[in-house]
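Here's the structure, in structure tokens; my notes come after.
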Amino acid sequence: MQRMFMRRTGLALLLMLAATALTFALVSAAPGNVAALIAERAAGAGADGEMIAKIANDLGLNDPLPVRYLRWLGDAVQGDFGVSLRTGKPMSEEFAARIPKTLALLAGGGVLALALSLVMGLAGAVSNGGIVDKLLHGLALVGASTPNFFVAAMLVIVFSVMLGWVPTFGVSGFTSWLLPWITIALFPGSVLARVVRVNLQEAMSRPFATTGFAKGLTRRAVLLREALPNILIPYMTTFGAQFTLMMIGAIVVERVFGLNGIGAFFIEAIRFRDFIGMQAVLMLFVVFFVSVNLIVDIAAMLADPRLRRPRKA
Amino acid sequence: MNAPVYAVENLVIDLYTPSVSVRAVDGASFHVSPGETLAIVGESGSGKTVMTLGPLGLMPEGVAVDLRGTARADGRDILTLSPSELSALRGGFFGVIFQDPMSALNPMLKIGPQLASQAQKYAGLSAEAARKEAVSLLARSGIPDPEDRYDRYPHELSGGMLQRAMIALALAARPRVLIADEPTTALDATVQAQILALIRTIQKEDGIAVVLITHDIGAVSVLADRVIVLYAGQIAEEGTAIQVLTAPVHPYTRGLLASVPDFRSESATGTKEIPGIPPNQAQLMPGCRFADRCDMVQATCHSHRPRLQTVGLGDVPHRVACPVVIAAEGIVTHD
Ligand SMILES: Nc1ncnc2c1ncn2[C@@H]1O[C@H](COP(=O)(O)OP(=O)(O)OP(=O)(O)O)[C@@H](O)[C@H]1O
Ligand code: SF4
Ligand SMILES: [Mg+2]
């Protein structure tokens, strides 16, 4: 078990290295000259070839790619992600200001998706082919096929413009988070609701469910006590995958709702060819994806007694 | 003989799935009394499981079950109960042991706490007493080091130990009727005898009525007081174990016994399988269900459904559903 953790963690670190190297190479290969951009920012139209060459030389931009990557990596592990070409502030400052907002968006959305999917999936399983089940099935299908910018627009029109319950833009207090959370949670919540429903149904047809009934449990008790623990592992795995996808959703949602998080920053970085900013954010994404998957993997292993306590030979 | 604690009359069970509809049980009656063991034998698919678990509402989800007849548990017809009433009865009145303990026990739940919660709910014990009871049930089921096993998950025990745990689980609610659906089929030969011995011991000690479904004619001869031979959802023959095993009348019973290796040493002339396959119960034919495979078959067999006739008197009637053999061998009937 412990060796398994070590191996998974080691693998995750390797994956992070490979992925950051790849994004570094891709960003470097993108058209656009970092030195020219910096010179332009500093001297406006007065930037000349000599100045650009000097900047490129000072920043080591003429060094071979592996050298540049290792230098970037060395700085990054010390918390230095360079200076944004767009805002002129160190990326560490940008991160400190924006990560909390994105995390709040993801955490709130994640909790909401969790609650939504468990309630919908369980209610469907309790109804078992009844009207509630069919309704929830339809709802989940709609939720899983509506693009989130559309969801956002609808929510804003109804709750902000028509009803005036929550602000349309920017964050000010708890209520302003509600629409972004709902928007970002709808897709993963719907997908996960199906996972809960389908896996519960499968578990209910297994012999241990019959044993549950034979013990004298009601159907609801069999669902909650016997079937639910058995869907934990597929549920956690899918939740991990959906949670990482929420990061992509955050890019759109942050822009629509005017949240100055990492996602919104990333869009701006692309528009302004802020290669330094892009690289730093991409690295953050890689770290996020890999660590979420690692955590989910380990949690799923801990949740399964067959893996947690393998039978001694 | 004691009055039956569980008595089923004229049970008809139709199963419907999106793809098939089957009359799995067609007019069967049976009963068991406290301390008695009723064995139900018959080929795979003959309806043994549906006949015993169907009335308890234990068919898997996704199958629509239509039950007719009566099934009286302590005089109360369980076919007329609401789902919640039936739930309560399943735990307290009936205990069930399944064929494959590996899949019948929940892989995510520890063994002991399940027993304790049953004891708490049905035997009315406090949480602390229930835990003690669970440990002693494990011990009584022949599980060594029960304190340790209490906190084990199913994958940490062997098949034989799991079946013992399953028996303990069924007994935790102190049932009056124990239904054991091929409790040894999935186990090693050496363990099989131990499990059967355990069921027998517990039955004698607690005076439980046992319905034992089995393919194992040896087990029938050792454990059963009475036997029902089921063929395609109908009872072909029934009587005491001695009547049915030593003086079988129905051609199917005779075939079944002849196909058992060294069941009776004098017939060690080699075993033979009954040729052919059971009929498709989705397409019901008039007449005797066994007609297509029977070597005694007559023209009337295809058109007249044989009814059970009593061929031997005694405390327990020996009854056979084959007029042809009864007539051919000049057997006296009593009804
Ligand atoms: N879940 C089900 N769905 C559809 N048909 C079923 C189902 N369970 C049983 N049947 C049908 O009901 C009939 C009786 O099956 P049953 O399981 O009672 O046989 P059995 O005597 O217990 O056989 P085995 O010895 O294999 O356990 C068979 O024709 C079978 O195909
Ligand atoms: S009734 Fe006819 S077909 Fe059926 S068992 Fe007897 S002889 Fe065979
Ligand atoms: Mg069966």
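To keep it simple, each residue is scored yes or no on (1) at pLDDT 95 or above; (2) crowded, with 19+ Cβ neighbours inside 10 Å.
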{"residue": "B:V41", "(1), (2)": "yes, yes"}
{"residue": "B:T49", "(1), (2)": "yes, yes"}
{"residue": "B:V96", "(1), (2)": "yes, yes"}
{"residue": "B:K110", "(1), (2)": "yes, no"}
{"residue": "B:S141", "(1), (2)": "no, yes"}
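Right, B:S158: of a type outside the set (A, V, I, L, M, F, W, C), modelled with pLDDT under 95 and within 15 Å of B:I208 (Cβ to Cβ) or not? Reasoning before the result, please.
Numbers: of a type outside the set (A, V, I, L, M, F, W, C): yes; modelled with pLDDT under 95: yes; within 15 Å of B:I208 (Cβ to Cβ): no.
So B:S158 does not fit the description; no.
Of B:P261, B:P275, which residue is part of a loop (DSSP other than H, G, I, E, B), at pLDDT 75 or above, out of contact with any strand residue (DSSP E or B) (no Cβ under 6 Å at 6 or more places or on another chain) and more than 12 Å from ligand 2 (Cβ to nearest atom)?
Values: B:P261 fails: at pLDDT 75 or above.
When all the criteria are applied, what remains is B:P275.
For segment B:196-241, which residues satisfy the criterion of being acidic (D, E), away from ligand 2 (no atom under 16 Å from the Cβ) and in contact (Cβ under 8 Å) with a residue 40 or more places away in the chain? Steps first, answer last, please.
Of segment B:196-241, the ones acidic (D, E) are B:205-206, B:216, B:225, B:237-238.
Applying the additional criterion that residues be away from ligand 2 (no atom under 16 Å from the Cβ) yields B:205-206, B:216, B:225.
Across segment B:196-241, the qualifying residue is only B:D225.
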*asked:* Take the conditions aliphatic (A, V, I, L, M), within 9 Å of chain A (Cβ to nearest Cβ) and more than 16 Å from A:G216 (Cα to Cα) and apply them to B:M108. Does it pass?
replied: yes
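Within segment B:112-139, can you find the residues that are in a loop (DSSP other than H, G, I, E, B), surrounded by fewer than 18 Cβ atoms within 10 Å (Cβ to Cβ) and more than 14 Å from chain A (Cβ to nearest Cβ)?
Just the residues of segment B:112-139 that are in a loop (DSSP other than H, G, I, E, B), to begin with: B:123-126.
From what is left, the residues that are surrounded by fewer than 18 Cβ atoms within 10 Å (Cβ to Cβ) are B:123-124, B:126.
Passing the criteria: only B:S126.
Can you name every residue in segment B:76-101 that is within 16 Å of ligand 1 (Cβ to nearest atom) and either more than 8 Å from chain A (Cβ to nearest Cβ) or not in a loop (DSSP other than H, G, I, E, B) (or both)?
If the condition is that a residue be within 16 Å of ligand 1 (Cβ to nearest atom) and either more than 8 Å from chain A (Cβ to nearest Cβ) or not in a loop (DSSP other than H, G, I, E, B) (or both), then B:V96, B:I97, B:Q99, B:P101 are the ones that fit.
Report, by residue number, each residue of segment B:64-88 that is of a type in the set (A, V, I, L, M) and free of Cβ contacts under 8 Å to residues at least 24 places away in the same chain.
Here is the first cut: in segment B:64-88, the residues of a type in the set (A, V, I, L, M) are B:64-65, B:67, B:71, B:73, B:78-79, B:81, B:86, B:88.
Answer for segment B:64-88, where residues must be of a type in the set (A, V, I, L, M) and free of Cβ contacts under 8 Å to residues at least 24 places away in the same chain: B:I78, B:L81, B:A88.
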*Within segment B:192-213, track down each residue that is buried (at least 23 other Cβ atoms within 10 Å of the Cβ) and either hydroxyl-bearing (S, T, Y) or closer than 27 Å to B:D14 by Cα (or both).*
B:A209, B:V210, B:V211, B:L212, B:I213
*Taking segment A:58-73, which residues are assigned to a helix (DSSP H, G or I), modelled with pLDDT of 80 or more and either farther than 18 Å from A:M283 by Cβ or not hydroxyl-bearing (S, T, Y) (or both)?*
A:L65, A:P66, A:V67, A:R68, A:L70, A:R71, A:W72, A:L73
*How about segment A:206-301: which helices (runs of 4 or more DSSP H) wholly inside it have at least 1 residues that are in the same structural domain as A:S190 (by TED's automatic domain parsing) and within 30 Å of A:A153 (Cβ to Cβ)?*
A:228-256, A:262-271
*asked:* Can you confirm whether B:A189 is surrounded by 20 or more Cβ atoms within 10 Å (Cβ to Cβ) and either more than 12 Å from chain A (Cβ to nearest Cβ) or more than 16 Å from ligand 2 (Cβ to nearest atom) (or both)?
replied: no
*Going by the structure shown, is A:A76 among the hydrophobic types (A, V, I, L, M, F, W, C), loosely packed, with under 12 Cβ neighbours inside 10 Å and assigned to a helix (DSSP H, G or I)?*
no
*Identify the single condition in (1) touching a residue at least 12 places away in the same chain (Cβ under 8 Å); (2) assigned by TED's automatic domain parsing to the domain that holds A:F187; (3) among the aliphatic types (A, V, I, L, M) that A:I131 does not satisfy, given that it satisfies every other one.*
(1)
*Look through segment B:1-35, keep the residues that are away from ligand 1 (no atom under 16 Å from the Cβ) and over 23 Å from B:Q309 (Cα atoms), and return whichever of them is surrounded by the fewest Cβ atoms within 10 Å (Cβ to Cβ).*
B:N2
*List every residue pair whose Cβ atoms sit under 8 Å apart, with the two residues 6 or more apart in sequence or on different chains, where the first one lies in segment B:312-328 and is on the phi < 0 side of the Ramachandran plot and within 16 Å of ligand 2 (Cβ to nearest atom) and the second, anywhere, is at pLDDT below 95 and of a type in the set (G, A, S).*
B:H318/B:A247; B:H318/B:G312
*What's the number of the condition B:V50 fails, among (1) touching a residue at least 24 places away in the same chain (Cβ under 8 Å); (2) within 9 Å of chain A (Cβ to nearest Cβ)?*
(2)
*Number of the exception - B:I235 against (1) outside any strand (DSSP E or B); (2) touching a Leu at 6+ places or on another chain (Cβ under 7 Å)*: (1)
*asked:* Looking at the structure I just gave you, is A:E268 buried (at least 23 other Cβ atoms within 10 Å of the Cβ) and away from chain B (no Cβ under 14 Å)?
replied: no
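The values are calculated or read from the model by the stated rules, or taken from the named source; none is laboratory data. Keep in mind the model is a prediction, meaning the values are calculated, not measured. Here the Cβ is made from the backbone with ideal geometry for all residues, glycine too, and neighbour counts use every protein chain on show.
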